[in-house]
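The values are calculated or read from the model by the stated rules, or taken from the named source; none is laboratory data. Keep in mind that this is a model prediction, so the values were computed, not measured. We place every Cβ from the backbone using ideal geometry, glycine too, and count neighbours over all the protein chains shown. Side chains are part of the model used for accessible areas, which takes the heavy atoms of the whole protein and leaves out ligands, DNA and RNA. Shrake-Rupley method; radii C 1.70, N 1.55, O 1.52, S 1.80 Å.
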Amino acid sequence: MPYELLVGLRYLRARRRNRFISINSAVSMIGIAVGVWALIVVLSVMNGFQKEVRTRILGVVSHVQISSVGNRLADWQSIAKLAVQQPHVLAAAPFVQGQAMLTTGQSVRGALIRGILPDAEEQVADLGAHMRMGKLESAGVIPRLKQFTVSGIFEAGIADADSALALVDLRDAQTLYQLGDEVTGVRLKLDDLFAASGVARELLAKLPPDTYASDWTRTHANFFRAVAIEKNMMFIILALIVLVATINIVSTLVVAVKDKQGDIAILRTLGAHPRSVMGIFIAQGMLMGLIGTLAGVVLGVVTALNIDVIVPAIEQVLGFKILAKDVYLIPELPSDLQVSDVVRISLMALTLSFAATLYPSWSASRMNPAEALRYE
């Protein structure tokens with residue numbers, strides 16, 4: 001092991017004459033650990049929320065949607081057959097969609113009517129899994145009178161869909177909107193939802209001129225872009241905790257260099273190169289950063305993986321729900337720990353720790369041994 005690392009490690013240990021340095025080092029390591037822990041937990045929770053909301057949205061919205069100009073797709077069977085032959089496409093289902101007014105008793109509400117083939121719809125959407133009453137296969141209708149019987153209720157967890165979307169049989173919707181055998185479009189489900197943009201682009205080159213394809217990343221681009229921006233802002237804000245802790249490393253090393261002037265001078269007179277002296281204090285600072293980062297990573301990973309147990313325990317102790325079901329879209333606190341986030345946070349903490357060691361170490365390497373030993 002290089003002697004620079006051994007000396008740097010020794011300087012971290014508590015001794016009577018430099019107790020302040022050791023305490024300051026501990027504060028720096030704790031600060032870095034807290035910052036890394038907070039970053040990992042917060043980003044994991046934000047990833048969990050993003051994943052949960054995306055899952056709920058895609059339970060109602062298709063991965064890729066094929067439509068035509070005027071929202072009247074005549075030969076939808078051949079288009080659906082073409083679509084399912086593309087890579088990543090698992091299933092296709094036609095739909096009819098239009099605006100309507102729902103009334104029951106004295107209640108009136110605007111709604112979005114979607115006509116579906118229940119068996120095909122279950123292959124492209126997850127609404128069947130969200131049924132709270134009845135079944136997706138049921139539909140009661142007398143098209144001539146345009147009276148529908150509510151045969152089931154779903155709750156997808158998306159306010160717009162839960163409050164304004166009504167599903168009816170495809171043939172009933174075609175009769176209601178006088179479309180004949182035409183449909184509004186075809187909905188697709190993919191084996192990889194992140195391949196939706198590529199599939200849509202490939203279909204555009206093969207579809208008729210008056211037909212186009214759009215994917216979920218376009219229809220909900222603003223929402224997911226806002227989530228990404230919020231995640232980046234939280235990363236920057238919480239990274240300030242780590243920055244403050246690494247600034248404390250600067251003060252610790254400055255005091256250490258002042259306290260170790262005699263040691264530095266002796267090393268120089270014994271032939272130590274200025275780079276070696278610089279390496280001693282870089283090693284001391286990096287050891288603080290490494291220990292703090294590792295502690296933060298361990299705490300953060302353990303917390304993120306067990307947040308479904310930790311949060312209910314905190315709620316039970318405090319006596320109230322952190323996320324009330326009648327207020328928030330998602331009443332549980334989800335977590336999605338991603339290795340890329342852990343690596344990025346760790347590298348950021350170690351980089352800031354290294355940067356904090358440069359000035360004190362450079363100052364120590366330029367020290368004049370004769371001046372340092374004059375008052376020893």
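Could you please report the charge total around Val89, scoring K, R as +1 and D, E as -1 over all other residues with beta-carbon less than 14 angstrom from its beta-carbon?
Neighbour charge sum, excluding Val89 itself: +1.
Proximity of backbone amide H atoms, modeled 1.01 Å from N, is registered between Thr184 and Leu73, Phe95, Val96, Gln97 at under 5 Å, excluding neighbours fewer than 5 places apart on the same chain.
For the stretch 58-117, the fraction of 1.4 Å probe accessible surface lying on carbon and sulfur atoms is 54 percent.
Applying the Karplus relation 6.51 cos²θ - 1.76 cosθ + 1.60 with θ = phi - 60° to the stretch 179-196 yields 3J(HN,Hα) values of 9, x, 9, 7, 10, 6, x, 10, 9, 10, 10, 10, 7, 9, 5, 7, 8, 4 Hz, where x marks Gly and Pro. Phi angles across the stretch 348-359 convert, under the Karplus curve 6.51 cos²θ - 1.76 cosθ + 1.60 with θ = phi - 60°, into 3J(HN,Hα) values of 4, 5, 5, 5, 5, 5, 5, 4, 5, 8, 5, 5 Hz, Gly and Pro given as x. Put the Cα centre of the stretch 263-282 next to the Cα centre of the stretch 95-119 and the gap is 80 Å. Eigenvalues of the alpha-carbon gyration tensor of the stretch 24-78, scaled by 5 and square-rooted, set the equivalent ellipsoid semi-axes at 51, 9, 7 angstrom, largest first. For the stretch 315-321, the Karplus equation 6.51 cos²θ - 1.76 cosθ + 1.60, evaluated at θ = phi - 60°, returns couplings of 5, 5, 5, 7, x, 8, 7 Hz by residue, with Gly and Pro reported as x.
For the stretch 197-308, the solvent-accessible area with a 1.4 angstrom probe is 50 square angstrom per residue. What is the sum of charges around Val311, taking Lys and Arg as +1, Asp and Glu as -1, for the other residues whose C-beta is under 10 Å from the C-beta of Val311? So the surrounding residues net to -2. Comparing Ala245, Leu179, Leu193 along the charge dipole axis of the stretch 173-245, the residue lying farthest to the positive side is Ala245, per the Cβ-charge model.
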